[in-house]
1. How do E57, E11 rank when sorted from fewest to most other Cβ atoms within 10 Å of their own Cβ?
2. Cβ under 14 Å from R14's Cβ, R14 left aside: what net charge do those residues give with Lys, Arg +1 and Asp, Glu -1?
3. Which lysines does K68 reach when only Cα atoms under 29 Å apart count, and residues fewer than 8 places away in its own chain are ignored?
Amino acid sequence: MKNIISSIKKELLRQAHKLGSIAVAYKRLGTDVVWPVFWTGDIWLNVLLLFYCAAAELTRAVGVDKIKKIFFSKTRDGGSYVKYARITT
């Protein structure tokens, strides 16, 4: 929710700078903003935040060394370890 409010505030300030008044910018905010583009950007930022939180929690639960081994090490035959990874706690 904070992200949405921050994005709307940025757009309002951008419009106010262009039009010269916050009151005028507020009135024209609904018609001048391309809302599908605005919501696409906002949803994208929220998805990235979700992935970051999931990765941070996975790292906290499993451990940094195990995460490095899963994602950055090679198997004995030279392949990637990721397809063989089994996370056990």
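1. Ranked by crowding around the Cβ, least crowded first: E57, E11.
2. Residues near R14 contribute +2 overall.
3. Qualifying lysines at Cα under 29 Å: K83.
FYI, it's all coordinate maths here, none of it is from the lab. Note that the coordinates shown come from a computational prediction; the quantities given were computed from them, not determined experimentally. Here the Cβ is made from the backbone with ideal geometry for all residues, glycine too, and neighbour counts use every protein chain on show.
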